[in-house]
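> The structure that follows is given in the form of structure tokens.
Please treat every number below as a calculation from the coordinates, not as lab data. Just so you know, these numbers come straight off a predicted model, no measurement behind them. Counting neighbours? That spans all protein chains shown, and the Cβs are built from the backbone with ideal geometry, glycine included.
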Amino acid sequence: MDRCVVLVDAGYLLGAAASLLAGEPARSRITVDHTTLIQGLRERAEGDTQRPLLRIYWFDGAPDRVPQPEHRRLRVMPRVTVRLGALTRADGRWAQKGVDAAMHAELTELARNRACSDIVLVTGDGDLLPGLMSAKEHGVAVHLWAVQAADGDYNQSEDLVAEADERRVLDRTWITRAVRARELTGPCAPPPAPEPEIAAILSAPLPETSGSERSAAASAAPPEAGEPARNGTRPSSGGERSDGAGARNVPTPKDLAVLGKGPGPGGPAAPVPAPAVGHPNATLRWSSDKGLVDRASGNGLGETPEAAALPTLAQLTSAEQRWADREEDITTVGGDPFEVGQVFARRWTERITDSAQLQHLSTEYPRIPHRIDGELLRYAARFGLLAHKDDQIDERDRYAIRAGFWREIDARTAAEHAPAGD
């Protein structure tokens, strides 16, 4: 058929573009406008082959073959089909597995079925040479496109270049229509400032302790004469070790809970280590992003009954809204951690019917109620934020997700209290 097909090795295209624009092949060093890039590929292919486009196949790797945000955006674009191979990490580097095999299979199948008259290959992988030769034997014209090499040399297999029917170079001018280098960070440039909420969370001091606590702590282990405390902590005395090997006898939250309960129904409470600071009426203090916060135990998780009763987003969402949310996630939400937190909070606040519950949630800052927080992190996982941490979201990303959540909650709470004339 008189149509053209484009097969894109995304690892080659974007890696070579990163080398050209940022000096290294890491795709994290560039930002890509995928809409502009796909449109540019289509126009260039139709112009070079003088054939209408049948389809663009985008081949890329993803951890466990789970589509990342860019893949979800690409696969809903007209005339674009996404094929994913595995992305594995070895020796500190990411490597694609199965992408070249998938391209080879698609290339030979298209040629064998005479689905097109021209195939454009955007790749540099010599493993595709047998597939290219097979396509030629089936009467298909093969066009090989290269990304301009940063060093002015070839960045493609020489055998692949030799066998192609037509060759073109996507130069810097063409690439920069859709690809930009990110701002440099590292030893040569200061890192970008974090979002205000993240900076506040990371730098927040612990709350002041009471006078009795300070006195007890001082009597338990006075600092060495003339030695100042560092980072707000006191130095260890000679009889204590901070590595857990010495008999420090600092009670755990479980120990304190037992002390507070007193004897159980089966007899006296089990013996616990003598606390350095505390008494039988001690209360649990839950750590949070702002320091230590006293919480009444309402559901076994240190939450008040009001916090435990707050509805989750799933409980507030109808089937129609769930469908619309999915469409928005695919086409609009970029996957930035801060943005993900904002989107989740916006949906929650828009669907809550009791304004008192919104006000109560805002008083829980900085600790998001357990059920809502778990749902928030599961939602964030859809955007590929688990990919680099063995199924755990990076700590910095968790800060950003929750900071975005609280930014949106603060904005909605302020709007609720704004005078009618504002």
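> Around E46, what is the net charge, scoring Lys/Arg as +1 and Asp/Glu as -1 over all other residues with Cβ under 15 Å from its Cβ?
Values: positive: R3, R42, R44, R51, R55, R79, R168; negative: D2, E43, D48, D118, E166.
Spelling it out: positives minus negatives among the neighbours equals +2.
> Answer rounded, prolate or oblate for region 4-181, using the Cα gyration tensor with square roots of eigenvalues a ≥ b ≥ c: rounded when a/c is under 1.5, else prolate when a/b is larger than b/c, else oblate.
On the way: a/c = 1.34, a/b = 1.28, b/c = 1.05.
Taking the square roots of the gyration eigenvalues as a ≥ b ≥ c, region 4-181 is rounded.
> Using each residue's phi in region 126-138, evaluate 6.51 cos²θ - 1.76 cosθ + 1.60 at θ = phi - 60° and report the 3J(HN,Hα) Karplus result to the nearest Hz, with x for Gly and Pro.
Using θ = phi - 60°, the values come out as x, 5, 8, 4, x, x, 4, 5, 5, 4, 4, 5, 8 Hz.
> Through the Karplus equation 6.51 cos²θ - 1.76 cosθ + 1.60, θ set to phi - 60°, convert the phi angles of region 14-29 into ³J(HN,Hα) values in whole Hz; use x for Gly and Pro.
Working through the residues one at a time gives 7, x, 5, 5, 5, 4, 5, 9, 10, x, 8, x, 5, 5, 5, 8 Hz.
> For V5, V66, which order do you get if you count the other beta carbons within 10 Å of each Cβ and list the fewest first?
V66, V5
> Moving on to the next point. If amide hydrogens are placed 1.01 Å from N in the peptide plane, which non-local residues have theirs closer than 5 Å to the one on L170?
A146, V147, Q148
> What residues have an amide H closer than 5 Å to that of R55, excluding those fewer than 5 places away on the same chain, when H is modeled at 1.01 Å from N in the peptide plane?
V6
> Sorting M77, M103 on the 10 Å Cβ count, fewest up front, what's the list? Present the calculation step by step, with values, prior to reporting the outcome.
Working: M77 17, M103 23.
So the residues, fewest neighbours to most, are M77, M103.
> Provide E137, E320, E375 in ascending order of the number of other Cβ atoms located within 10 Å of each residue's Cβ, fewest first. Don't skip to the answer; put the middle values down first.
Details: E137 11, E320 8, E375 18.
If I rank by nearby Cβ atoms, fewest first, I get E320, E137, E375.
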